[in-house]
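Trainee: Have a look at this one.
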Amino acid sequence: MSTFSSPLHAHYPEEPYIANLGHWLADVADTPHCFRNAAEQSARMLSMCSPAGQEEFFMEVGDAVASRTASPPKLSDAEKSERIAKAKAKALAPRYRTELLQS
């Protein structure tokens, strides 16, 4: 994972880490982790997954933008609530062999 803008808080079992602009993080397979944007502005990151397939999960649960520099879409209150509840991600997780842990 490489950050391209705002700092991202990365949480791993060993310790939390703040990834600032230009930082790279490498995840070990089957290591629980999460990322959180603690800034007021949108954050951008590039995540590479191997083997391929996980990117399809992100495409299904994420919100598409027009270009790599476009702002994120404005979400309604209902859409924000759905993202917080992670209902779509929970429903799709088994198809992508993904385990969502409690936060």
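The values are calculated or read from the model by the stated rules, or taken from the named source; none is laboratory data. Since the structure is predicted, the reported quantities are computational estimates derived from the model, not experimental observations. Neighbour counts run over all protein chains shown; Cβ positions are idealised from the backbone, glycine included.
Trainee: Pull up the stretch 27-59, narrow it to residues that are charged (D, E, K, R) and on the phi < 0 side of the Ramachandran plot, then point me to the one that is surrounded by the most Cβ atoms within 10 Å (Cβ to Cβ).
Mentor: So the residue we want is ARG44.
Trainee: Any residue in the stretch 64-78 that is farther than 20 Å from LEU21 by Cα, in contact with a helix residue (DSSP H, G or I) (Cβ under 8 Å, 6 or more places away or on another chain) and part of a helix (DSSP H, G or I)?
Mentor: Looking for residues that are farther than 20 Å from LEU21 by Cα, in contact with a helix residue (DSSP H, G or I) (Cβ under 8 Å, 6 or more places away or on another chain) and part of a helix (DSSP H, G or I), one finds none in the stretch 64-78, hence no.
Trainee: Contact list please: Cβ distance under 6 Å, first residue in the stretch 11-25 and under 17 Å from ALA38 (Cα atoms), second residue exposed (fewer than 14 other Cβ atoms within 10 Å of the Cβ), pairs at least six apart or on different chains.
Mentor: Every condition considered, the pairs that remain are HIS11/CYS34.
Trainee: Suppose we filter the stretch 54-83 for residues that are over 21 Å from SER5 (Cβ atoms) and either polar (S, T, N, Q) or assigned by TED's automatic domain parsing to the domain that holds ASP30 (or both); how many remain?
Mentor: So the count comes out to 3.
Trainee: Under the condition of being over 11 Å from the mean Cα position of the chain (by Cα) and among the hydroxyl-bearing types (Ser, Thr, Tyr), which residue from the stretch 40-59 is nearest to ALA19 (Cα to Cα)?
Mentor: SER42
Trainee: Within the stretch 87-103, which residues are in contact with a Phe, Trp or Tyr (Cβ under 9 Å, 6 or more places away or on another chain) and surrounded by 13 or more Cβ atoms within 10 Å (Cβ to Cβ)?
Mentor: ALA89, LEU92, ALA93, TYR96, THR98
Trainee: Please go through the stretch 26-37 and give me each residue that is of a type in the set (Asp, Glu) and free of Cβ contacts under 8 Å to residues at least 12 places away in the same chain, ordered by number.
Mentor: Selection gives ASP30 alone.
Trainee: I want to confirm something. Restricting to the stretch 1-26 and keeping residues that are among the polar types (S, T, N, Q) and either in contact with an Asp or Glu (Cβ under 7 Å, 6 or more places away or on another chain) or not in a loop (DSSP other than H, G, I, E, B) (or both), which single residue is surrounded by the most Cβ atoms within 10 Å (Cβ to Cβ)?
Mentor: Only one residue tops the list, namely THR3.
Trainee: Can I ask one more? For the structure I just gave you, tell me whether GLU99 is in a helix (DSSP H, G or I) and either of a type in the set (Asp, Glu) or modelled with pLDDT of 90 or more (or both).
Mentor: no
Trainee: When the residues of the stretch 60-86 are narrowed to those that are under 15 Å from the mean Cα position of the chain (by Cα) and not charged (D, E, K, R), which ends up surrounded by the most Cβ atoms within 10 Å (Cβ to Cβ)?
Mentor: Filtering first and then ranking leaves VAL61.
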